[in-house]
1. Which residue pairs have Cβ atoms under 6 Å apart, sit 6 or more places apart or on different chains, and have a first residue in segment 33-44 that is acidic (Asp, Glu) and a second that is not in a helix (DSSP H, G or I)?
2. Of a type in the set (A, V, I, L, M, F, W, C), loosely packed, with under 13 Cβ neighbours inside 10 Å and more than 18 Å from residue 33 (Cα to Cα): does that describe residue 98?
3. When segment 64-82 is examined, which residues are found to be surrounded by fewer than 19 Cβ atoms within 10 Å (Cβ to Cβ) and under 29 Å from residue 154 (Cβ atoms)?
4. Pick out the one residue from 113, 145, 122 that is loosely packed, with under 15 Cβ neighbours inside 10 Å and not in a loop (DSSP other than H, G, I, E, B).
5. Among the residues of segment 20-61, write down those that are part of a loop (DSSP other than H, G, I, E, B), at pLDDT 95 or above, buried (at least 16 other Cβ atoms within 10 Å of the Cβ) and not polar (S, T, N, Q).
6. Could you tell me which numbered condition residue 157 fails, if it satisfies all but one of (1) closer than 14 Å to residue 26 by Cβ; (2) surrounded by fewer than 17 Cβ atoms within 10 Å (Cβ to Cβ)?
7. Failed condition for residue 12, given (1) among the β-branched types (Val, Ile, Thr); (2) modelled with pLDDT under 95; (3) more than 21 Å from the chain's Cα centre (by Cα); (4) surrounded by 12 or more Cβ atoms within 10 Å (Cβ to Cβ), with all others met?
8. Taking the options 135, 140, name whichever one is surrounded by 13 or more Cβ atoms within 10 Å (Cβ to Cβ) and either touching a residue at least 40 places away in the same chain (Cβ under 8 Å) or of a type outside the set (Val, Ile, Thr) (or both).
Amino acid sequence: MTRIIITIAIATAWIAGTAFPAQAQVGKPVTIVDANMVPEANLAALPHMNATIAKALVAKRPFLSMSALDTFLQSQKLSRPQLTELYGRLFLHINLNAASDEEIQLIPGLGARMLREFKEYRPYTALPVFHREIDKYVDDAELARLEQYVFVPIDLNTASDADILTIPGIGNRMLREFKEYRPYKAMEQFRREMGKYVSKEEVARMERYVTIK
């Protein structure tokens, strides 16, 4: 009987168009590291980086958008070809529903056709939607590569533990704090409550990945 119940539950989840169990809302790294999280020594070892640029980048963190990171790196005299190579190893996730064309095109190897496909399915309700739709156009390896660059904001009131833990830098302690103050009524409440535990800069970094529906 137990086996039958489990089978029915799995089938129901797939019929509803959802994954079973819950899927990540922040793309899983394949080749890249998060520019806000990577240690300074590791930064200096990346393509076209050095100790001076790495130190300056760490001093400017957190970056709240990929565009801001790109602007900073241009100020360090990195050329566009150098940046493209670097972004195969270093990036900040971009919001699938809000990123500009210019920001999306910072993803290495993403041409005009794929830019259209990224935007066609907005608004994304979950990252598995991106996975399903973009899978129509590329193979599994390329899908995984593209997915690592993106995220869909997580609903503070309903996100699963697994989804929350996909946010870079979030561990079990902050997972508990995220959930302790549910239900959230406004983003200001999130800022106020999380500000008890981390700096306002870190709150702003985490806020990139969340929303209240």
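The values are calculated or read from the model by the stated rules, or taken from the named source; none is laboratory data. Small disclaimer: the values here were computed from a predicted structure and weren't measured. Note: ideal-geometry Cβ built from the backbone for every residue, glycine included; neighbour counts use all protein chains shown.
1. Correct list of pairs: 34/168.
2. Spelling it out, residue 98 is indeed of a type in the set (A, V, I, L, M, F, W, C), loosely packed, with under 13 Cβ neighbours inside 10 Å and more than 18 Å from residue 33 (Cα to Cα).
3. Selection gives 64, 65, 67, 68, 71, 72.
4. 113
5. Hits for segment 20-61 are 27, 32, 35, 38, 46, 48, 49, 61.
6. (1)
7. Unmet condition: (4).
8. 135
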